[in-house]
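> Next up is a structure, given as structure tokens.
Please treat every number below as a calculation from the coordinates, not as lab data. Since the structure is predicted, the reported quantities are computational estimates derived from the model, not experimental observations. Ideal geometry is used to build each Cβ from the backbone, glycine not excepted, and the neighbour counts take in all protein chains shown.
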Amino acid sequence: MTNNSTPAADIAPHTPPAYGKPDTGLRRRIYTIIFEADTRTGKTFDVLLVALILLSIVVVLLDSVPSVVARFGRPLNVMEWTFTLLFTVEYIARLCCVRHPWRYATSFFGVIDLISVLPTYFALLVPEASAFLDIRILRLLRIFRIFKLTLYITEYIRLGRALRASGRKILIFLSVVMMAVLILGTVMYVVEGPENGFTSIPMAMYWATVTMTTVGYGDITPQTTLGRIIASFMMLLGWGVLAVPTGIVTAEMTSQRMNWKPTTRTCPSCLSEGHEPEAKYCKDCGETLPAYEYDKS
């Protein structure tokens, strides 16, 4: 007899690692604020965190300019420690509000969160390693995780799906381009020869790639009339070639445009995002979704 209970295994081939969303209490409230952005407090947290990250990046950049450090070294140091302490508190809060902190700590963004604060502490313990402070630029990667406002996630999801759907077509297109580069590069090697800089077929393929992409470094140029005719043809071909991948992805985005409104609603088990407000089960792991929380104010 067939079971119609829709188990998780029938919905997705595998279940992603689960951080775990608390069911009730203060931890659930903190989780909703930090990991989701459909409430007013969640949006405010995300915007403030983005602002802090951008300011910390500015401090890192200024700290690499000797003249700025000579004049504003102390204020920059104070600001760096302020950002480090704030990001440390945020990292600890993320670990405390999930049911499986170790899984979050070993995830990609969990590692990035840790790396973003370690260099400052490391430089304090080992002053000779102050050069490693530039690793703090990795904080910039966190923007792509926390900048999850509904205004941006819709197009992000559509673009991701369009790129996945276009992958095979783009791969075939690139293989055709590589064939053209190989053939025309070989022809130019025969026409121009080593005396004009085309010392080998790989070198001629390098020239063909530079020419077809309309970069034109000028380190190798054809000297014969026939070679210049071939080069002109490749330049004109390059203009048409550059437009093809854009057209493929755009066509996929148009074909996938649907009447749906994804949110930052997160699955409590696998943290998959983008579920519709009316959804009852996770689209990736099949876990039952909690009631949709949204603040209209």
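> What full-extension length gain, to one decimal in nm, is calculated for R74 and L242 as 0.36 nm per residue of separation minus the Cα-Cα distance?
Difference between extended and current length: 55.6 nm.
> Quick check: Cα centre of the stretch 84-103 to Cα centre of the stretch 27-63, how many Å?
Rounded to whole Å, the Cα centres lie 13 Å apart.
> Considering every Cα-Cα pair within the stretch 204-251, what fraction, in whole percent, is farther apart than 16 Å?
Tail of P(r) above 16 Å: 42 percent of Cα pairs.
> Then there's this: Using θ = phi - 60° and the Karplus form 6.51 cos²θ - 1.76 cosθ + 1.60, what ³J(HN,Hα) does each residue of the stretch 116-121 get, whole Hz, x for Gly and Pro?
Computed from phi, the couplings for the stretch 116-121 are 5, 10, 5, x, 5, 5 Hz.
> Between R99 and L86, what is the label-point separation in nm under the 7 Å Cα-to-beta-carbon projection?
3.3
> Could you give the length gained by full extension between D219 and I201, i.e. 0.36 nm per residue of separation minus their alpha carbon distance, to one decimal place?
4.9 nm
> Here is a further query. Taking θ as phi - 60°, what are the ³J(HN,Hα) couplings along the stretch 180-192 by the Karplus curve (6.51, -1.76, 1.60), each to the nearest whole Hz, with x for Gly and Pro?
Using θ = phi - 60°, the values come out as 5, 4, 5, 5, 5, x, 5, 4, 5, 4, 6, 6, 8 Hz.
> While we're on this one: Mind checking the full-extension length gain between S255 and R40? Use 0.36 nm per residue of separation minus the Cα-Cα distance, one decimal, nm.
74.1 nm
> Let me ask something else. Tell me, what HN-Hα J-couplings in whole Hz come from the Karplus equation 6.51 cos²θ - 1.76 cosθ + 1.60 at θ = phi - 60° for each residue of the stretch 227-235, using x for Gly and Pro?
x, 5, 5, 5, 4, 4, 4, 5, 5
> Skipping prolines and chain starts, which residues have an amide H placed within reach, meaning under 5 Å, of the one on Y281, given they are 5 or more residues away or on another chain?
Correct list: L289.
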